[in-house]
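The next block holds one structure in the form of structure tokens; read it before the comments.
The values are calculated or read from the model by the stated rules, or taken from the named source; none is laboratory data. Since the structure is predicted, the reported quantities are computational estimates derived from the model, not experimental observations. Reconstructed Cβ throughout: ideal geometry from the backbone, glycine too, with neighbour counts over all protein chains shown.
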Amino acid sequence: MDARLGDAIIGRDHPAGLLRAELDRAATSHGGLVLVTGEPGIGKTTLVTAAAREARQRGALVLGAACWDSDSAPGYWPWVQVLRGLQRSADDWAVARETAEPALAALLGEAGAGGEQAGRAASWAGVDTGTDVGDREAFALYDAVTAALVAVSQQRPVVVVLDDLHWADPASLRLLGFAAQHTWFERLLLIGTYRDAEVESGEHPLRPLLMPLVTKATTVTLTGLSRDEVAALMTRTAGREPDTDLVDEVHRRTGGNPFFIEQTARLWRADGTGGTIAPGVREAVRRRLAQLPPPVVETLTVAAVLGREFHRQVLAACAAAPAAQVDRLLDRAVTARLVVARGGGRFAFAHDLVRETLYDGLTEDDRRARHGAVVRSVDDLAELTERLIPADLARHAYLAGPVLDRARAADLLVAAGRDAHARLATDEAVVHFSRALEVVEDRAQRVRILVEFGEVRWHHAGREEAVQLLAEAATLARTLDDPVLLVRVALTVHRSRQVETARSVQTAELVREAYRRLIGEPDAAASVGTLIADLITATETIARRGRDDEALTFSLWARHDTTWGLGTAAARAALTSEIRDVARRTGDRETELWATSLRWVALLELGDPRFIEEFTAFVAGGGQDELARHRVAATVDSGIIAAFRGDFAEADERFTVLSDLADPGHAEFGFMGHHLHWSRLLLQGRFDETDTLLSGLSGTDYPYRELLRAITAAERGDGETAVRLTAGIEATEIRYPRPVSPLWLRLRAQAAAASREPGRCDDARAALAPHRGEWTVGLFGCDISGPVDHWLAVLDAAQERWDGAIAGFTAARDAADRMGSRPWSLIARAGLATALAGRGQPGDAETLAALRATTTREATALGMVQVLDRLAGLAPTGPAT
């Protein structure tokens, strides 16, 4: 189209000129933020659409999106549309991905029950990361999206158009404000539209967010057309020129609103009378709808209940009409310019005022009945679930009110909450779970929702709310005659360790009461751990007898999560195998993936090279999964194994997901990220960097800092500090959680070796000796501290038991080679070199020389400076003095 912006838009020459100036500046210098405001129907979308067309003709990349008028709209919905538009340009998308992946994939939902298993490591490790999750998550996400757009703008100007900001979710507006503030000098032009009269009223919830944007923006306010412009628009719309009196009346009654004018002109063309113009937009739309056959209006009414956009298949099911008939009726609506086709069977109202008018014309009872009909249609036709996102289906269930079974409504709201949690849309998840609690009537179902909501809030740094939710669940469960449900609450509270941060949930008391209800009076001397184990066995037995796969999966996971530490890997391998079998039997893809993830951890701990098969299966499945949490977990696991193999550059790249995507308030992300960073640096002996990392962490960020400081000191060769810190830990009588215990055993061996105290060495050896052939793996696979044989050899070397040390280091080296771990092979070889130098028997010098040469060469290639330092400090032969 050759026409310049504004040439074909009646009465908009000045606003078009302002937009053109902004486009010119973005093309040659820098962009900014433009807000186009005005009442509904005033022509905001028409103006920015024309601007987008001209920008595209000039070679700019135009990315458009529209906000959705729904409380259940997915979080960041307009920005999801922007990224989808960016995806359609392969070259630009490649630039964006290189800059900001995997945050972009997460926002698109490509990247769980929304991460129960992903949060296990941190929650069981007793982490309390109760920081401000919203602010820190927002910064990482907003920065990633902004960086992607800026990167693309280096290639060509970028214009982002966001329509109907008055319907945006708060997070999307914050992202817009962030982008506007941080891209002023880039060739990135941000254009938004909103209804100023609505937003600037004190009651509008988005007013506090939109008003600050106005101060940063070039504001283009559209007002009504003049009398002559009304006449010109009526003439163009109706195809004939109206008389003076009609123009005056239309101008007076419409206020020059182009949409009202066009609707009035079409009615005038249809019936020849100008007096039919209604004073308000809804009346104008009603008159226009009245010109259509009743079946078309009824079809559009059903569509209005579905939302601004809808799929023809869902519409046909809800209208209880054949698809062919619905298609014909939609054709009539498209011809009447009330509906537009979006492609792929999807349609949208040409102007949302049409939908609003239709929906507002329904009585409250009729609305509820129609929303309930949507849910029942989906229940009757399973294939419709692909056409409605969980949030939309939950909206219908909620608005159906008492028309829909309350248990079913609660289930759909919980499903939407899980989906939002999986996409890391925290605010949205909270809304769905809160609504589920609002509508649920069955008390047992309420307990289950409270427990799940509590776990979601726990992992999103809503710790106080999580404690309240679980406390309410415990209180309510105690009033029910359902001992199995009470046990589930007790196991969940124990797993989440709420008792450590809130006295309102007394774990020991709750566990004993659950035991009393299900099994009988507990032994007064029995520990909570013993009672937990008995309860798991009891619930597992009940689930197997009742063939209840969901309950069986819960019990198996509970057993798995209480079975950690050296010597438990074989049991965990069997548990994860059965969990996966049950998941496959029930079609639970998410549980299948988590079980596979933790199965490779168990096999690696056993020293079984087949771990790589399970690892590869998980990465292949999780990396391509649509849920963000699976994609993040697959990326993190890939980084762990890359570091394990010695591919440190790849590990660094993989671990950026934890800083680019996750907020530190998520235990499974913040805690995990700190530990993985430390472990990764330690493998290369980068001790100054580990010191900097640890000194910057608070007890909230990472609760086991002294443990890591002591291990770091031992690795550096500072035995005095390692022994002192270990003694300090022992003095406090800290009992580390089971997933942390392998790290504590490692430190005990290192501190004993540094001290050379016979008692310490004997104690450490006794703890490790039963596990020869295994690996010290902790924190659900986030820490791989080498073969057990290596630490036993360290103890032998400290006591100058050279033959034992040489055998142990050789076994450790062989284990590392068998498992494909170059770093641990080199660490073991450095120990072997020390033992050979210490023993000094005939032939040891020659063996040492060859070993030293190959180890030095390979350690240099991997940048493992601590190995090089150990080799450099060795005497060529002779026993250590």
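What's the number of the only condition in (1) assigned to a helix (DSSP H, G or I); (2) of a type in the set (Val, Ile, Thr); (3) crowded, with 23+ Cβ neighbours inside 10 Å that residue 784 fails to meet?
Answer for residue 784: the failing condition is (1).
So which of 330, 306, 362 is crowded, with 20+ Cβ neighbours inside 10 Å and over 37 Å from the mean Cα position of the chain (by Cα)?
330
Here is a check on your reading of the model: is residue 152 assigned to a helix (DSSP H, G or I) and either in the same structural domain as residue 92 (by TED's automatic domain parsing) or buried (at least 21 other Cβ atoms within 10 Å of the Cβ) (or both)? So that I can check it myself, show each step before the final result.
Details: assigned to a helix (DSSP H, G or I): yes; either in the same structural domain as residue 92 (by TED's automatic domain parsing) or buried (at least 21 other Cβ atoms within 10 Å of the Cβ) (or both): yes.
Here the answer is yes, as residue 152 does meet what is asked.
In this structure, does residue 529 turn out to be out of contact with any helix residue (DSSP H, G or I) (no Cβ under 8 Å at 6 or more places or on another chain) and closer than 18 Å to residue 481 by Cα?
Details: out of contact with any helix residue (DSSP H, G or I) (no Cβ under 8 Å at 6 or more places or on another chain): yes; closer than 18 Å to residue 481 by Cα: no.
Judged against the criteria, residue 529 is not a match.
How about segment 188-203: which of its residues are over 30 Å from residue 249 (Cα atoms) and buried (at least 17 other Cβ atoms within 10 Å of the Cβ)? First the steps, then the outcome.
Going through segment 188-203, the residues over 30 Å from residue 249 (Cα atoms) turn out to be 188-192, 202-203.
Hits for segment 188-203 are 188, 189, 190, 191, 192.
Any residue in segment 661-678 that is more than 18 Å from the chain's Cα centre (by Cα), modelled with pLDDT under 90 and buried (at least 23 other Cβ atoms within 10 Å of the Cβ)? Break it down stepwise before answering.
Residues of segment 661-678 that are more than 18 Å from the chain's Cα centre (by Cα), as a first pass: 674-678.
Adding the requirement that they be modelled with pLDDT under 90 leaves 674.
After this cut, where a residue has to be buried (at least 23 other Cβ atoms within 10 Å of the Cβ) as well, the list is 674.
Among the residues of segment 661-678, at least one is more than 18 Å from the chain's Cα centre (by Cα), modelled with pLDDT under 90 and buried (at least 23 other Cβ atoms within 10 Å of the Cβ), which makes the answer yes.
Does residue 424 satisfy being outside the structural domain of residue 70 (by TED's automatic domain parsing) and assigned to a loop (DSSP other than H, G, I, E, B)? Let's see the steps before the verdict.
Numbers: outside the structural domain of residue 70 (by TED's automatic domain parsing): yes; assigned to a loop (DSSP other than H, G, I, E, B): yes.
Spelling it out, residue 424 is indeed outside the structural domain of residue 70 (by TED's automatic domain parsing) and assigned to a loop (DSSP other than H, G, I, E, B).
Looking at segment 864-881, I want the residues that are in a loop (DSSP other than H, G, I, E, B) and surrounded by 12 or more Cβ atoms within 10 Å (Cβ to Cβ) and have a partner that is modelled with pLDDT of 95 or more and hydroxyl-bearing (Ser, Thr, Tyr) with Cβ atoms under 9 Å, at least 6 apart or on another chain. Which pairs are those?
Going by the 9 Å Cβ cut-off, the qualifying pairs are 874/834; 880/834.
Here is a check on your reading of the model: is residue 774 in contact with a Phe, Trp or Tyr (Cβ under 9 Å, 6 or more places away or on another chain) and among the charged types (D, E, K, R)?
no
For (1) at pLDDT below 95; (2) assigned to a helix (DSSP H, G or I), each residue gets a yes or a no:
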| position | (1), (2) |
| --- | --- |
| 699 | yes, no |
| 703 | yes, no |
| 709 | no, yes |
| 720 | no, yes |
| 725 | no, yes |
| 740 | yes, yes |
| 746 | no, yes |
| 751 | no, yes |
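Need the failing condition index for residue 208 against (1) closer than 19 Å to residue 81 by Cβ; (2) under 28 Å from the mean Cα position of the chain (by Cα); (3) of a type outside the set (S, T, N, Q), just the number.
(1)
Name the residue that is farthest from residue 290 (Cα to Cα), counting only residues in segment 335-346 that are surrounded by fewer than 22 Cβ atoms within 10 Å (Cβ to Cβ), within 38 Å of the chain's Cα centre (by Cα) and not basic (Lys, Arg).
Of the residues in segment 335-346, the ones surrounded by fewer than 22 Cβ atoms within 10 Å (Cβ to Cβ) are 335-337, 340-346.
Applying the additional criterion that residues be within 38 Å of the chain's Cα centre (by Cα) yields 340-346.
Filter once more, keeping what is not basic (Lys, Arg): 340-341, 343-345.
Details: 340: 19, 341: 22, 343: 27, 344: 29, 345: 26 Å.
For segment 335-346, the residue satisfying everything is 344.
Is it true that residue 235 is assigned to a loop (DSSP other than H, G, I, E, B), out of contact with any strand residue (DSSP E or B) (no Cβ under 8 Å at 6 or more places or on another chain) and among the β-branched types (Val, Ile, Thr)?
Details: assigned to a loop (DSSP other than H, G, I, E, B): no; out of contact with any strand residue (DSSP E or B) (no Cβ under 8 Å at 6 or more places or on another chain): yes; among the β-branched types (Val, Ile, Thr): yes.
Against the criterion (assigned to a loop (DSSP other than H, G, I, E, B), out of contact with any strand residue (DSSP E or B) (no Cβ under 8 Å at 6 or more places or on another chain) and among the β-branched types (Val, Ile, Thr)), residue 235 does not qualify.
Out of everything in segment 821-846 that is of a type in the set (S, T, N, Q) and modelled with pLDDT of 95 or more, what residue ends up being farthest from residue 807 (Cα to Cα)? Talk me through it step by step, then tell me what you get.
Quick first cut of segment 821-846, residues of a type in the set (S, T, N, Q) only: 821, 825, 834, 841.
From the residues that got through so far, the ones that are modelled with pLDDT of 95 or more too are 821, 825, 834.
Numbers: 821: 19, 825: 14, 834: 13 Å.
It comes out as 821.
Has segment 371-379 got at least one residue that is in a helix (DSSP H, G or I), closer than 27 Å to residue 466 by Cβ and in contact with a His (Cβ under 8 Å, 6 or more places away or on another chain)?
Here is the first cut: in segment 371-379, the residues in a helix (DSSP H, G or I) are 371-379.
Filter once more, keeping what is closer than 27 Å to residue 466 by Cβ: none.
Within segment 371-379, not a single residue is in a helix (DSSP H, G or I), closer than 27 Å to residue 466 by Cβ and in contact with a His (Cβ under 8 Å, 6 or more places away or on another chain).
Would you call residue 74 in a helix (DSSP H, G or I) and modelled with pLDDT of 80 or more? Spell out how you get there, then give the answer.
Values: in a helix (DSSP H, G or I): no; modelled with pLDDT of 80 or more: yes.
The answer is no for residue 74.
Go through the residues of segment 386-395 one by one and say whether even a single one is buried (at least 17 other Cβ atoms within 10 Å of the Cβ), more than 16 Å from residue 306 (Cβ to Cβ) and not assigned by TED's automatic domain parsing to the domain that holds residue 77.
Checked against the condition, which is being buried (at least 17 other Cβ atoms within 10 Å of the Cβ), more than 16 Å from residue 306 (Cβ to Cβ) and not assigned by TED's automatic domain parsing to the domain that holds residue 77, segment 386-395 yields no hits at all.
Say whether the condition of being over 35 Å from the mean Cα position of the chain (by Cα) and under 17 Å from residue 237 (Cβ atoms) is met by at least one residue in segment 11-34.
Checking segment 11-34: at least one residue is over 35 Å from the mean Cα position of the chain (by Cα) and under 17 Å from residue 237 (Cβ atoms).
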